[in-house]
Amino acid sequence: MATLIGLPAWADVAPRREAHIGRVVGLLDEWASAMALPLAEHHRWLRAGWLHDALRDAAPEVQRTLAPDAEGPPVLWHGPAAAARAAQDGEQDAGVLAAIRWHSLGAAEWDACGDALFCADYLEPGRTFDLDARAALRSRFPEAPREVLREVVRARMRYGLRERFALHPRTAELWNRALGPSAAWDA
């Protein structure tokens with residue numbers, strides 16, 4: 001698939017969401033450049049960024065039609081719906097599609113594209129919480145992606161526990177992969 005520059009014609013996003021997507025893509029582009037990724041991998045990251053929230057503002061019925069097997073409440077359906085629509089549009093890269101599908105929850109089976117999208121979605125500079133900590137993680141990502149992933153998963157899990165959300169098995173599996181042999185849970 002050619003490099004996607006901008007949202008696809010089928011996207012359904014409000015201006016605020018489009019700005020978020022642009023910041024995520026900008027961050028992915030910055031990281032991929034700093035890491036001197038091969039152009040094909042760089043383009044994978046950008047496609048995932050452009051597509052991850054492409055149906056975030058679509059009606060739940062539209063999302064459910066595209067992704068009848070989507071798990072959880074409607075707020076989680078946009079990733080699976082966007083992945084399904086991207087596949088219909090010709091995206092064939094299984095890693096890009098998995099990154100899009102699971103960007104809200106995480107997935108242990110991801111490759112680096114999924115890890116990067118998960119981190120960029122959380123760390124994008126337009127979000128207004130934990131500004132200094134998130135800025136530090138953003139700057140560290142190119143040199144220490146695994147450690148930053150671990151911190152992002154930890155932060156997302158802490159938030160979910162604090163809000164009394166059920167821990168999704170996919171998030172727990174990503175935590176177990178990110179944890180590795182040397183990490184410690186210090187909630």
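What is the local net charge at HIS78, summed over the other residues whose Cβ is closer than 11 Å to its Cβ (Lys, Arg +1; Asp, Glu -1)? Intermediate results must be reported in sequence, preceding the final value.
On the way: positive: ARG17, ARG56, ARG64, ARG85, ARG101; negative: ASP12, ASP53, ASP57.
With Lys, Arg at +1 and Asp, Glu at -1, the net is +2.
Springs join every pair of Cα atoms under 10 Å in this Gaussian network model of the chain, and among VAL96, VAL152, VAL13 the largest mean-square fluctuation is at VAL13. Using C-alpha pairs under 8 Å with a sequence gap of at least 6, the mean separation divided by the residue count of the chain gives a relative contact order of 20 percent.
Per 0.36 nm of contour for each residue apart, how much would the distance between ARG16 and SER139 grow if the chain were fully extended, relative to their Cα-Cα spacing?
Details: separation 123, 0.36 × 123 = 44.28 nm, distance 2.42 nm.
Extra length from ARG16 to SER139 when fully extended: 41.9 nm.
Label 7 Å along Cα→Cβ of THR65; the stretch 86-107 residues with amide nitrogen under 18 Å? Only 86-89 fall inside the zone, counting backbone N under 18 Å.
Across the stretch 123-129, coupling constants 3J(HN,Hα) worked out from phi with the 6.51/-1.76/1.60 Karplus curve, θ = phi - 60°, read 9, 3, x, x, 6, 10, 10 Hz, and Gly and Pro carry x.
Once the other residues with Cβ under 10 Å from the Cβ of ALA98 are scored (Lys, Arg +1; Asp, Glu -1), what is the net sum?
-2
Working note: Karplus 6.51/-1.76/1.60 with θ = phi - 60° gives the stretch 162-171 the couplings 4, 7, 6, 7, 5, 6, 6, x, 5, 5 Hz, where Gly and Pro are set to x. Could you work out which residue, out of ARG47, ARG164, ARG138, moves most in a Gaussian network model of the chain, that is, has the largest mean-square fluctuation with Cα springs under 10 Å? Comparing ARG47, ARG164, ARG138 in the GNM, the peak value goes to ARG164.
Within the chain, what's the longest run with no chymotrypsin sites (Phe, Trp or Tyr not before Pro) in a DSSP loop and at most 16 other beta-carbon atoms within 10 Å? Give the range, please. Write out the running numbers ahead of the final one.
Working: sites that count: TRP10, PHE129, PHE165, TRP185.
Result, exposed sites excluded: 11-128.
Charge tally around ALA172: other residues with Cβ under 13 Å, Lys/Arg +1 each, Asp/Glu -1 each, net +3. Springs between Cα atoms under 10 Å define the GNM used for the chain, and in it the highest mean-square fluctuation of PRO68, PRO80, PRO125 occurs at PRO68.
Read-outs: derived from the displayed coordinates by stated rules, not from any lab. A quick note: this is a predicted structure, and the numbers were derived from the prediction, not measured. Virtual Cβ from ideal backbone geometry, glycine too; neighbours counted across all protein chains shown.
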